[in-house]
4 protein chains.
Amino acid sequence: MNLDYTDLRALYINCTLTKSPDPSHTQTLIDRSIAIMEAQGVAVDRIRAVDHDIAPGVWPDMRERGWPSDEWPALCDRVMAADILVLGTPIWLGEKSSVCTRVIERLYGNSSVLNEAGQYAYYGRVGGCLITGNEDGIKHCAMNILYSLQHLGYSVPPQADAGWIGEAGPGPSYGDDDGHGGRIGVDNDFTNRNTTFMTWNLLHTARMLKDRGGFPAHGNQRSEWDAGCRFDYPNPEHR
Amino acid sequence: MNLDYTDLRALYINCTLTKSPDPSHTQTLIDRSIAIMEAQGVAVDRIRAVDHDIAPGVWPDMRERGWPSDEWPALCDRVMAADILVLGTPIWLGEKSSVCTRVIERLYGNSSVLNEAGQYAYYGRVGGCLITGNEDGIKHCAMNILYSLQHLGYSVPPQADAGWIGEAGPGPSYGDDDGHGGRIGVDNDFTNRNTTFMTWNLLHTARMLKDRGGFPAHGNQRSEWDAGCRFDYPNPEHR
Amino acid sequence: MNLDYTDLRALYINCTLTKSPDPSHTQTLIDRSIAIMEAQGVAVDRIRAVDHDIAPGVWPDMRERGWPSDEWPALCDRVMAADILVLGTPIWLGEKSSVCTRVIERLYGNSSVLNEAGQYAYYGRVGGCLITGNEDGIKHCAMNILYSLQHLGYSVPPQADAGWIGEAGPGPSYGDDDGHGGRIGVDNDFTNRNTTFMTWNLLHTARMLKDRGGFPAHGNQRSEWDAGCRFDYPNPEHR
Amino acid sequence: MNLDYTDLRALYINCTLTKSPDPSHTQTLIDRSIAIMEAQGVAVDRIRAVDHDIAPGVWPDMRERGWPSDEWPALCDRVMAADILVLGTPIWLGEKSSVCTRVIERLYGNSSVLNEAGQYAYYGRVGGCLITGNEDGIKHCAMNILYSLQHLGYSVPPQADAGWIGEAGPGPSYGDDDGHGGRIGVDNDFTNRNTTFMTWNLLHTARMLKDRGGFPAHGNQRSEWDAGCRFDYPNPEHR
């Protein structure tokens with residue numbers, strides 16, 4: 001077993017609505033996952049999406065569709081350079097942020113790109129998510145984000161989400177001062193454990209795929225399907 | 001690369017509301033995925049959940065909680081014997097079936113079981129889903145099912161869902177006679193391609209995990225976490 | 001303004017997975033809403049769905065579809081007798097219970113019934129929901145339940161859901177002994193306020209609809225639509 | 001019964017990702033609902049959100065939070081001037097658009113405002129939604145949008161959503177030329193009927209609330225709750 005992760009690259013996109021340099025609760029949780037990655041020598045890249053001018057749309061470069069500017073193409077290069085992608089989002093009204101939805105739309109806008117094997121270009125990568133809110137919605141947000149990632153071609157390891165929310169109702173957010181010298185949520189064993197397991201499961205799955213030279217290419221190549229290959233899929237006329 | 005899949009076992013659970021021997025549209029789609037698996041020599045098991053007396057609850061055996069009967073423990077043995085689990089469900093009012101929800105609840109009821117490595121017992125397995133309806137809801141159902149599976153410990157390969165729905169509004173279901181000598185949906189290229197890709201991606205991921213001797217065990221063992229191991233998770237007091 | 005509610009009838013369906021006589025946390029919250037209704041003289045009916053033999057399916061009486069027994073037709077009479085319907089559900093793995101999904105399927109199975117005005121039979125009624133869990137999922141469950149109810153013909157008042165969950169991770173449930181002589185969640189101001197507002201908004205909307213003789217009948221009668229009436233809907237040929 | 005709707009105001013916010021003057025499929029469906037409104041003399045306002053500079057955040061005016069510009073405060077005035085609010089959105093990857101999520105976040109940012117009765121300021125208004133996509137996701141998007149609206153204080157009439165999608169897989173969008181002299185989807189009886197019923201049910205509910213002078217104020221005033229009124233909510237200490 002290859003236990004060296006130093007050739008892996010991870011990208012964390014924080015989809016907070018709060019722009020720099022204001023503090024982000026979601027970043028506080030992201031940083032804890034990053035600490036594990038960096039302890040293993042993984043090269044970690046970070047994007048705070050709201051700091052960038054990401055145009056609306058589902059095309060690779062919206063400047064070609066009439067938008068005066070669009071930083072997505074440059075951000076997309078960083079997505080494609082990473083073996084591991086983690087989307088972090090706050091919860092507002094039970095839902096992931098509009099910035100997170102925007103990022104997913106733009107990832108989707110590149111989904112027709114194929115790799116050399118004829119697979120969707122995101123194949124061979126792994127994805128996870130980190131969610132924070134003052135109350136309710138981790139699973140609702142996570143199921144949509146993880147679904148989107150696997151739909152694009154990411155592999156999703158076991159327990160690939162983690163998060164923190166407080167008891168029902170308004171209240172402090174993750175990492176806030178608790179008024180007693182501590183910080184809200186940081187001692188939550190469930191959040192800490194899930195964050196740790198998620199991080200390691202991303203590492204393990206990325207390691208396996210990298211050692212394997214990408215996701216195995218048979219039965220899943222768009223180019224070959226379009227050329228008529230059916231990979232044992234039964235012909236309905238013969239049934 | 002090991003291209004032999006004959007040592008793998010797959011289980012398809014059809015969560016239709018229709019009991020045997022009445023036909024199930026969902027089974028029609030399931031059968032097409034199974035055909036690929038069997039062409040590769042995979043041992044395929046099938047359960048139509050509604051034919052079984054599965055008690056409500058989130059405990060491994062509800063007979064110990066006052067229910068007079070419960071077939072789940074026997075079904076659970078078949079779940080644990082399978083490397084690959086595919087849940088199939090119809091869509092009613094945009095939602096997966098109550099039978100599917102019941103199956104997920106019972107899978108969840110076994111989620112505290114650990115394997116010899118101290119991981120959750122579902123680790124090392126892979127999951128996918130197949131969805132049919134006459135209109136609307138594949139992704140909504142799939143995101144919940146896939147989320148539940150990864151939460152339990154299943155790995156989710158790229159594009160691990162497939163399905164068929166018709167245009168908005170009531171209409172025929174998958175596999176129905178189209179009145180012109182054909183069958184509804186079976187020529188849908190998108191459904192056929194997704195079903196094929198899902199099936200192969202389940203095979204590939206199961207192959208990798210089986211060759212690896214299960215999902216790598218480090219940083220994700222509940223037993224070790226509970227014993228105090230933290231796997232590089234940063235101590236908040238030191239931050 | 002008519003402030004007398006004594007002619008109104010409300011039905012609360014508890015969709016807990018726990019059968020009688022075992023205690024239900026969801027019932028604890030339901031009872032608090034019922035207390036307000038009864039203080040206003042509303043006739044309140046209660047169903048604990050898991051205690052009844054409700055067959056799977058989407059037809060009014062599954063005994064006509066091969067099931068040996070089905071208590072839904074009798075339960076449905078109680079649904080139709082009520083001006084107000086509140087579904088209560090626990091959360092398991094972030095989702096409403098299988099019992100709740102079953103109840104919605106069966107409500108849906110009666111959705112083709114029309115009233116004398118030619119509207120769907122559920123028109124003129126109002127709906128809400130109450131959700132409890134030890135962590136995460138109130139809004140996810142509520143959005144599905146309220147969507148289903150409005151789709152069937154129920155009116156949904158403002159803030160028609162309420163619930164309680166604890167901080168992220170396993171923990172005590174609503175109404176559990178807190179070990180200090182109190183009970184978990186019952187002092188949560190947010191839960192109490194939302195439960196109160198929901199209850200009153202159900203009362204107000206039911207009052208308005210009852211005083212009005214049902215939901216106004218124009219532009220929404222299935223029978224007239226099927227007879228060719230278009231109620232000012234523009235003819236696409238003329239556009 | 002007051003059958004005059006000429007004193008009502010409706011606002012349709014189109015949350016397409018496509019900016020003016022490019023055509024929007026979602027607008028095509030919105031226009032059909034508007035035609036009914038205008039035939040009844042309702043004053044209809046229209047916003048295409050993507051044409052406006054709406055800053056990220058959950059505060060009423062993000063210019064006070066460091067953003068150089070923010071058109072939301074002006075748009076919000078138009079929201080508050082309307083008795084009826086309809087959100088229209090396309091579907092991308094099964095989800096409502098990022099523009100729609102942004103609009104909901106900003107609506108939420110005004111949710112602490114109270115009216116003279118002490119209710120949330122959105123009380124007394126009614127909401128609905130219109131969804132278009134080439135495949136899958138009407139109900140998933142609608143359940144989130146309608147949930148958000150009722151959470152804010154909007155009343156949701158029966159069948160307050162409508163939409164169009166095509167069969168599973170990529171394909172033409174609503175209103176596209178069908179190559180045979182017609183337009184895709186515009187003859188879909190289900191879409192037409194739902195759009196009509198939604199529109200009329202919004203009119204009826206808005207009429208009732210306007211005639212009633214707003215949503216009845218008792219048991220739902222935040223100001224009174226905060227002052228200690230409990231409106232028959234049972235005191236847990238006495239139970």
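With respect to residue D:118, determine if the residue is farther than 27 Å from residue C:224 by Cβ, at pLDDT 95 or above and touching an Asp or Glu at 6+ places or on another chain (Cβ under 7 Å).
In short, yes.
Filter region B:222-236 down to the residues that are more than 9 Å from chain A (Cβ to nearest Cβ) and touching a residue at least 60 places away in the same chain (Cβ under 8 Å) and list them by number.
Across region B:222-236, the qualifying residues are B:223, B:224.
Report yes if residue D:235 is over 20 Å from residue C:230 (Cβ atoms) and exposed (fewer than 15 other Cβ atoms within 10 Å of the Cβ), otherwise no.
Values: over 20 Å from residue C:230 (Cβ atoms): yes; exposed (fewer than 15 other Cβ atoms within 10 Å of the Cβ): yes.
Taking the combined requirement at face value, the residue satisfies it.
Which count do you get for residues in region A:46-63 that are closer than 24 Å to residue A:27 by Cα and either assigned to a helix (DSSP H, G or I) or among the aliphatic types (A, V, I, L, M) (or both)?
6
Looking at (1) surrounded by 21 or more Cβ atoms within 10 Å (Cβ to Cβ); (2) more than 21 Å from the chain's Cα centre (by Cα), find the lone condition where residue C:208 falls short.
For residue C:208, the failing item is (2).
Residue-wise test of (1) in contact (Cβ under 8 Å) with a residue 40 or more places away in the chain; (2) touching a strand residue (DSSP E or B) at 6+ places or on another chain (Cβ under 9 Å); (3) charged (D, E, K, R).
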site	(1), (2), (3)
C:34	no, yes, no
C:41	no, no, no
C:49	yes, yes, no
C:52	no, no, no
C:61	no, no, yes
C:66	no, no, no
C:71	no, no, yes
C:74	no, no, no
C:79	yes, yes, no
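Would a scan of region C:29-41 turn up a residue that is under 30 Å from residue C:207 (Cα atoms) and more than 13 Å from chain D (Cβ to nearest Cβ)?
Keep residues of region C:29-41 that are under 30 Å from residue C:207 (Cα atoms), which gives C:29-41.
Filter again for more than 13 Å from chain D (Cβ to nearest Cβ), leaving none.
The answer is no; no qualifying residue exists.
Report yes if some residue within region B:199-212 is within 14 Å of chain D (Cβ to nearest Cβ), β-branched (Val, Ile, Thr) and not in a loop (DSSP other than H, G, I, E, B); otherwise report no.
No, the conditions are met nowhere in region B:199-212.
Report yes if some residue within region D:216-227 is of a type in the set (Asp, Glu), surrounded by fewer than 23 Cβ atoms within 10 Å (Cβ to Cβ) and farther than 28 Å from residue D:36 by Cβ; otherwise report no.
Our first condition is that a residue be of a type in the set (Asp, Glu); within region D:216-227, this holds for D:224, D:226.
So of that shortlist, the ones also surrounded by fewer than 23 Cβ atoms within 10 Å (Cβ to Cβ) come out as D:224, D:226.
Still in the running and farther than 28 Å from residue D:36 by Cβ: D:224, D:226.
Looking for residues that are of a type in the set (Asp, Glu), surrounded by fewer than 23 Cβ atoms within 10 Å (Cβ to Cβ) and farther than 28 Å from residue D:36 by Cβ, one finds at least one in region D:216-227, hence yes.
Could you check residue B:217 against (1) away from chain D (no Cβ under 13 Å); (2) over 17 Å from the mean Cα position of the chain (by Cα); (3) more than 30 Å from residue A:29 (Cα to Cα) and say which number it fails?
With (1) away from chain D (no Cβ under 13 Å); (2) over 17 Å from the mean Cα position of the chain (by Cα); (3) more than 30 Å from residue A:29 (Cα to Cα) applied to residue B:217, the lone miss is (3).
Is it fair to say residue A:189 is closer than 28 Å to residue D:58 by Cα and surrounded by fewer than 24 Cβ atoms within 10 Å (Cβ to Cβ)?
So residue A:189 does not fit the description; no.
Looking at this structure, is residue A:112 within 30 Å of residue D:18 (Cβ to Cβ) and not hydrophobic (A, V, I, L, M, F, W, C)?
Numbers: within 30 Å of residue D:18 (Cβ to Cβ): yes; not hydrophobic (A, V, I, L, M, F, W, C): yes.
It is true that residue A:112 is within 30 Å of residue D:18 (Cβ to Cβ) and not hydrophobic (A, V, I, L, M, F, W, C).
Considering only region C:64-171, give the strands (runs of 3 or more DSSP E) lying wholly within it that have at least 1 residues that are crowded, with 24+ Cβ neighbours inside 10 Å, touching a Pro at 6+ places or on another chain (Cβ under 8 Å) and more than 14 Å from chain A (Cβ to nearest Cβ).
C:126-135
Which ones in region A:172-194 are within 7 Å of another protein chain (Cβ to nearest Cβ) and either among the polar types (S, T, N, Q) or part of a loop (DSSP other than H, G, I, E, B) (or both)?
A:186, A:187, A:188, A:191, A:192
Are any of the residues in region B:137-155 of a type in the set (S, T, N, Q), within 30 Å of residue B:4 (Cβ to Cβ) and at pLDDT 95 or above?
So the first thing to find is which residues in region B:137-155 are of a type in the set (S, T, N, Q), and the list is B:144, B:148, B:150, B:155.
Now narrow it down to the ones that are within 30 Å of residue B:4 (Cβ to Cβ): B:150, B:155.
Among the residues that remain, those that are also at pLDDT 95 or above are: B:150, B:155.
Yes.
For region B:3-31, how many residues are among the aromatic types (Phe, Trp, Tyr) and more than 22 Å from residue C:57 (Cβ to Cβ)?
The qualifying residues number 1.
Would you be able to tell me the number of residues in region C:88-115 that are farther than 17 Å from residue C:58 by Cβ and of a type in the set (Ser, Thr, Tyr)?
So the answer is 2.
Out of the residues in region B:168-200 that are free of Cβ contacts under 8 Å to residues at least 60 places away in the same chain and closer than 30 Å to residue B:124 by Cα, which is farthest from the chain's Cα centre (by Cα)?
Out of the qualifying residues, it is B:190.
Taking the residues in region D:3-47 that are of a type in the set (Lys, Arg) and surrounded by fewer than 21 Cβ atoms within 10 Å (Cβ to Cβ) as candidates, determine which candidate is farthest from residue D:131 (Cα to Cα).
D:9
The values are calculated or read from the model by the stated rules, or taken from the named source; none is laboratory data. Because the structure is predicted, anything quoted here is derived from the model rather than measured. Counting neighbours? That spans all protein chains shown, and the Cβs are built from the backbone with ideal geometry, glycine included.
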